[in-house]
Amino acid sequence: MVEEFHDRVNFGKPQRPENLRTLSFSWVPSCGWMEDMASLTRPGILLFTHLCLLTSGLSRAAEPAAARIAEGITCELIGSYSVDRLNQVLTTEVRQQLSDYPVTYSPVRHAVTLYRISYRSVIPELGNRSTVASGLLAIPETGESKFPVICYQHGTVFSKTAVPSRPEESMETRLMLAQFAGQGYIVVAADYFGKGSSRETDGYLAKASTQQACLDMLRSGKRVSEKLGVHWGPLFVTGWSQGGWATMVFLNKLESVGIPVTAAAPICAPEDLFACINHWIHDPSPSDSLFLPELLALQLHAYERYYRLHGLADAAIRPEYRAAARDLYLDKLAWPGLLKKFPRHPADMLQPGFIAESSLGTGKYWEITQQNQAYRWRSKTPVRNYYGAVDEIVPPYIAQLPIRYQQIMAGAASSPSEVQGAKANHHGAFVAAVAREKKWFDSLQGK
């Protein structure tokens, strides 16, 4: 049975910017947008949007105006993607910027309007300190008022701005918009703490913060949708790589607070971080991704700050790589030339004593890494795990661990979906899985 959402209480490849069709508004008090948005119906807002499109010449807005939706929630209309633009994403941009794995997507049927949401949240690891985060809400232009919802968790990016709320800088987000929002789904996606508009440092793979950022973004997206006269249907969650891990820790949170999820689809997810990192350290391969040391550098610095493990990064990283690791975490290193700052394999970046602790999992960092697994509970939500046969970051065995775990515990249906072939690496599996999960999600709604 399809359940509807009710509000209760990449390791990704670096992306290059693409032009987004954005709006430029001249905001004056007589417009009444800031004061009266809450009273507008969705047709009224869409009419106002189209009038602004005509008068703006589609020029880029340096500072889009933010409308206050509710206490702690603001929304910016950042632009729209046309059907032609989204079809270009599926037919050209995916192959050029993600993978040329052979996959056929359904043609886009709807244009999509994009909103950037800023919302108040808290950081659980830091005593629930208040913070502000951001994310994306995308609504298909179909003339309907109720849609199924995709909550997407993005993969690792080596940039503060290559996130969902800035889709012109995020190829993976544009793919999700084309395949889902362009096919009649609402898409909602958190940027995470430390990314997008957040003033925090990166909360990379910090479990409770990831859960909180995604939960508060979901609730904020629903509030904004309601103000636009849009209603939510069944909820689906998915994500790629880091976002696959985030999808599962978020699913755990959603189940714990009683928010029903129709299905979940993690893609290339390192759901057992301890096993995955040990694999990188102790079983290196010529086929390993070139940026595994960078991923580990991000996590070490994030855990030092979010879990207050003072001195962790220096204790773990060899002196000759400490400055580069710190600059990477603080967004001071750009992608071009990044690989020259780090060794080929993670073990070559790490101190011998830190490596020695990894096997037995001793030391606070390794204990927290084990606790931050994403699958050890008895789930009640159907899950389909997508993974690549030749993934260079997350080995197929690790991607399958959650499936066997749920089977042993008699949890909800959990099944593997292997993407096969010589091009079924981390990126190839992603572009193929997006097409496959769409068909699965559609089938669960009787489409």
What are the residue pairs meeting all of these: first residue in the stretch 92-103, first residue at negative phi, second residue at pLDDT below 95 and part of a loop (DSSP other than H, G, I, E, B), Cβ atoms under 6 Å, and 6 or more apart or on different chains? Tyr101/Lys423
Only one of Val132, Val122, Val108 is of a type in the set (Val, Ile, Thr), in the same structural domain as Ser197 (by TED's automatic domain parsing) and more than 13 Å from Cys214 (Cα to Cα). Can you tell me which? Val108
How about the stretch 208-235: which of its residues are closer than 14 Å to Val249 by Cα, crowded, with 24+ Cβ neighbours inside 10 Å and not small (Gly, Ala, Ser)? Thr210, Gln212, Cys214
For the stretch 200-210, indicate whether the set of residues that are of a type in the set (Val, Ile, Thr), assigned by TED's automatic domain parsing to the domain that holds Ala162 and farther than 21 Å from Arg305 by Cβ is non-empty. no
Among the residues of the stretch 258-281, is any more than 21 Å from Gln153 (Cβ to Cβ) and either assigned to a loop (DSSP other than H, G, I, E, B) or over 25 Å from the mean Cα position of the chain (by Cα) (or both)? yes
Name the single residue, out of those in the stretch 404-443 being in a helix (DSSP H, G or I) and aliphatic (A, V, I, L, M), that is surrounded by the most Cβ atoms within 10 Å (Cβ to Cβ). Ala429
Residues being aliphatic (A, V, I, L, M) and over 26 Å from the mean Cα position of the chain (by Cα) - total across the stretch 328-385: 6
Taking the stretch 99-124, which residues are out of contact with any strand residue (DSSP E or B) (no Cβ under 8 Å at 6 or more places or on another chain) and buried (at least 21 other Cβ atoms within 10 Å of the Cβ)? Ser99, Val108
Right, Ala323: surrounded by fewer than 17 Cβ atoms within 10 Å (Cβ to Cβ) and under 20 Å from Gly155 (Cβ atoms) or not? no
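Quick grid of which residues meet (1) of a type in the set (Lys, Arg); (2) closer than 27 Å to Lys222 by Cβ; (3) at pLDDT below 95:
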{"site": "Ile73", "(1), (2), (3)": "no, yes, no"}
{"site": "Ser80", "(1), (2), (3)": "no, yes, no"}
{"site": "Val83", "(1), (2), (3)": "no, yes, no"}
{"site": "Ala111", "(1), (2), (3)": "no, yes, no"}
{"site": "Arg120", "(1), (2), (3)": "yes, yes, no"}
{"site": "Ala138", "(1), (2), (3)": "no, yes, no"}
{"site": "Gly143", "(1), (2), (3)": "no, yes, yes"}
{"site": "Gly155", "(1), (2), (3)": "no, yes, no"}
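The values are calculated or read from the model by the stated rules, or taken from the named source; none is laboratory data. Bear in mind the structure is a predicted one, so any value in this text is a computation, not a measurement. Heads up, the Cβs are rebuilt from the backbone with ideal geometry, glycines too, and the neighbour counts pull from every protein chain shown.
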